[in-house]
Amino acid sequence: MNEAETLMAFASLSNATRLRILRELVAAGPDGLLAGELAKAVGASPSRASFHFANMSKAGLISSFQSAREITYRADDDAIGAMINFFMNDCCAGNSTIRACCVDRKGG
(Lines give C-alpha, C1' and ligand atoms only; values in the text may rest on other atoms or scores of the structure.)
Protein backbone atom coordinates (compact mmCIF):
# COMPACT_ATOMS: atom_id res chain seq x y z
CA MET A 1 0.00 0.00 0.00
CA ASN A 2 1.38 3.42 -0.87
CA GLU A 3 0.94 6.73 0.92
CA ALA A 4 -2.16 7.81 -1.02
CA GLU A 5 -3.90 4.46 -0.48
CA THR A 6 -3.03 4.51 3.22
CA LEU A 7 -4.42 8.02 3.59
CA MET A 8 -7.64 7.00 1.85
CA ALA A 9 -8.01 3.96 4.12
CA PHE A 10 -7.42 5.93 7.31
CA ALA A 11 -9.76 8.69 6.11
CA SER A 12 -12.45 6.09 5.52
CA LEU A 13 -12.07 4.82 9.08
CA SER A 14 -12.32 8.32 10.57
CA ASN A 15 -16.09 7.87 10.75
CA ALA A 16 -17.68 6.04 13.71
CA THR A 17 -20.15 4.05 11.58
CA ARG A 18 -17.45 2.89 9.19
CA LEU A 19 -15.22 1.86 12.08
CA ARG A 20 -18.14 -0.16 13.51
CA ILE A 21 -18.68 -1.73 10.08
CA LEU A 22 -15.05 -2.79 9.94
CA ARG A 23 -15.25 -4.30 13.44
CA GLU A 24 -18.34 -6.29 12.50
CA LEU A 25 -16.81 -7.55 9.27
CA VAL A 26 -13.52 -8.55 10.83
CA ALA A 27 -15.43 -10.44 13.54
CA ALA A 28 -17.59 -12.13 10.88
CA GLY A 29 -14.54 -13.57 9.17
CA PRO A 30 -14.30 -14.66 5.54
CA ASP A 31 -18.03 -15.39 5.19
CA GLY A 32 -18.82 -11.71 5.74
CA LEU A 33 -22.29 -10.35 6.43
CA LEU A 34 -25.32 -9.55 4.34
CA ALA A 35 -25.76 -5.83 3.74
CA GLY A 36 -29.02 -5.65 5.69
CA GLU A 37 -27.63 -7.54 8.67
CA LEU A 38 -24.56 -5.35 8.70
CA ALA A 39 -26.59 -2.14 8.50
CA LYS A 40 -28.73 -3.29 11.40
CA ALA A 41 -25.70 -4.32 13.47
CA VAL A 42 -24.19 -0.84 13.20
CA GLY A 43 -27.48 1.05 13.58
CA ALA A 44 -27.57 2.56 10.08
CA SER A 45 -30.46 2.81 7.65
CA PRO A 46 -29.98 0.73 4.49
CA SER A 47 -29.37 3.82 2.34
CA ARG A 48 -26.91 5.32 4.81
CA ALA A 49 -25.12 1.99 5.17
CA SER A 50 -24.84 1.75 1.39
CA PHE A 51 -23.07 5.12 1.37
CA HIS A 52 -20.59 3.85 3.97
CA PHE A 53 -20.06 0.55 2.14
CA ALA A 54 -19.21 2.44 -1.06
CA ASN A 55 -16.72 4.63 0.77
CA MET A 56 -15.00 1.66 2.37
CA SER A 57 -14.97 -0.29 -0.89
CA LYS A 58 -13.33 2.64 -2.68
CA ALA A 59 -10.72 2.77 0.10
CA GLY A 60 -10.06 -0.94 -0.46
CA LEU A 61 -10.99 -2.01 3.07
CA ILE A 62 -13.98 -4.16 2.17
CA SER A 63 -15.23 -6.14 -0.79
CA SER A 64 -18.64 -7.42 -1.78
CA PHE A 65 -20.27 -10.09 -3.85
CA GLN A 66 -23.82 -10.47 -4.98
CA SER A 67 -25.92 -13.61 -4.99
CA ALA A 68 -29.40 -13.13 -6.44
CA ARG A 69 -30.67 -9.98 -4.68
CA GLU A 70 -28.39 -10.22 -1.66
CA ILE A 71 -25.08 -8.42 -1.30
CA THR A 72 -22.53 -9.78 1.15
CA TYR A 73 -19.66 -7.67 2.42
CA ARG A 74 -16.41 -8.87 3.89
CA ALA A 75 -13.32 -7.20 5.29
CA ASP A 76 -10.23 -7.27 3.10
CA ASP A 77 -7.75 -8.59 5.65
CA ASP A 78 -4.81 -8.14 3.29
CA ALA A 79 -5.63 -4.46 2.71
CA ILE A 80 -6.12 -3.81 6.43
CA GLY A 81 -2.79 -5.46 7.17
CA ALA A 82 -1.09 -3.49 4.38
CA MET A 83 -2.49 -0.23 5.76
CA ILE A 84 -1.19 -0.97 9.25
CA ASN A 85 2.12 -2.24 7.90
CA PHE A 86 2.67 0.89 5.81
CA PHE A 87 1.86 3.13 8.76
CA MET A 88 4.08 1.22 11.18
CA ASN A 89 7.04 0.90 8.81
CA ASP A 90 6.85 4.26 7.04
CA CYS A 91 5.82 6.54 9.88
CA CYS A 92 6.87 4.75 13.03
CA ALA A 93 9.77 2.51 12.09
CA GLY A 94 12.25 4.36 14.27
CA ASN A 95 10.07 4.67 17.34
CA SER A 96 10.42 1.62 19.56
CA THR A 97 7.69 2.78 21.95
CA ILE A 98 5.08 2.96 19.21
CA ARG A 99 6.20 -0.30 17.58
CA ALA A 100 6.06 -2.07 20.97
CA CYS A 101 2.28 -1.76 20.94
CA CYS A 102 2.17 -4.39 18.20
CA VAL A 103 4.22 -7.00 20.03
CA ASP A 104 2.31 -9.94 21.47
CA ARG A 105 2.91 -9.38 25.16
CA LYS A 106 1.56 -12.80 26.09
CA GLY A 107 4.46 -14.48 24.34
CA GLY A 108 2.28 -16.53 22.06
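The values are calculated or read from the model by the stated rules, or taken from the named source; none is laboratory data. Note that the structure is predicted; figures quoted are calculated from it, not measured. All Cβ positions, glycine included, derive from the backbone under ideal geometry; neighbour counts span all protein chains shown. The protein model used for the area step is the full one, side chains on, heavy atoms only, and it has no ligands, DNA or RNA in it. Shrake-Rupley method; radii C 1.70, N 1.55, O 1.52, S 1.80 Å.
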Has segment 4-13 got at least one residue that is in contact with an Asp or Glu (Cβ under 9 Å, 6 or more places away or on another chain) and under 26 Å from C91 (Cβ atoms)?
-> yes
Name the pairs whose Cβ atoms lie under 9 Å apart, with the first residue in segment 61-77 and free of Cβ contacts under 8 Å to residues at least 60 places away in the same chain and open to solvent by less than 70 Å² (accessible area, probe 1.4 Å), the second part of a strand (DSSP E or B) and charged (D, E, K, R), and 6 or more positions between them or separate chains?
-> I62/R74; S63/R74; S64/R74
In segment 1-15, how many residues are among the aliphatic types (A, V, I, L, M) and within 12 Å of the chain's Cα centre (by Cα)?
-> 4
Members of segment 81-98 found to be free of Cβ contacts under 8 Å to residues at least 60 places away in the same chain and under 23 Å from L19 (Cβ atoms), listed by number = G81, I84, M88, N89, C91, C92, I98
Condition test on S45, is it within 15 Å of the chain's Cα centre (by Cα) and free of Cβ contacts under 8 Å to residues at least 60 places away in the same chain?
-> no
